[in-house]
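Below you'll find the structure, written out as structure tokens, and then a few comments.
Derivation of every value follows stated rules applied to the coordinates shown; laboratory data play no part. Quick caveat, the model's predicted, so the values are computed rather than measured. Counting neighbours? That spans all protein chains shown, and the Cβs are built from the backbone with ideal geometry, glycine included.
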Amino acid sequence: MTARIKKTIPVYLAALCFGCAGEDPPPPPIPVDLSVAIGALEDVDSAATVHLSVYHAWTGTGELRYPLEIVERWETNLGSSNFSFDYPAELGEGLIVYAWVDSDGDGANCTPTVRGDLADLVEVKAFPSEQVSVSLLLDAPCAGPDWFFPGPEPEGDVW
């Protein structure tokens, strides 16, 4: 029995070593301080809730690459606000800041019968950075983040 255990120990140690070797650890998250100024059209109630989200611009690779992976979200008001979050750099690239104002207070960004919620989006060009400052003017009715980014499809025959 003892000889059998002695023979299997090197096999287990080798398996353990192969399991521990290989990939580098993921990079640490980037701590980001976000300063945002949010404005809206004059007829929007200044006390209305603004839904603010930050996204990876792109995530995945090759044929599995896609836009707009959520990183963090908050509720705030019109005006200036500051937020802090950890940007997980290993999960994507680029930074998108998107906001919409809940003009009617129903918690939904537009419905088939109520179309008064307004939105805007900014792609942060100078990223990665630990300090990000953006301004948003909520003036696009019923627009989700995918309406703004990555932009319109190419014109003409794409096949």
Set A48, A140, A126: member being of a type in the set (A, V, I, L, M, F, W, C), without any contact (Cβ under 8 Å) to a residue 40 or more places away in the chain and more than 30 Å from P27 (Cβ to Cβ): A140
Filtered residue count, segment 93-109, keeping only those that are part of a strand (DSSP E or B) and surrounded by fewer than 20 Cβ atoms within 10 Å (Cβ to Cβ): 2
Test: D146 is under 29 Å from P29 (Cα atoms), touching a residue at least 60 places away in the same chain (Cβ under 8 Å) and of a type in the set (D, E, K, R): yes
Residue in segment 110-123 that is nearest to P28 (Cα to Cα), counting only those that are within 19 Å of the chain's Cα centre (by Cα) and buried (at least 20 other Cβ atoms within 10 Å of the Cβ): L121
Filter result for L41 (buried (at least 19 other Cβ atoms within 10 Å of the Cβ) and either of a type outside the set (V, I, T) or in contact (Cβ under 8 Å) with a residue 24 or more places away in the chain (or both)): no
Filtered residues of segment 124-135 (kept if part of a loop (DSSP other than H, G, I, E, B) and surrounded by 15 or more Cβ atoms within 10 Å (Cβ to Cβ)): F127
Number of the exception - W147 against (1) touching a Leu at 6+ places or on another chain (Cβ under 6 Å); (2) surrounded by 12 or more Cβ atoms within 10 Å (Cβ to Cβ): (1)
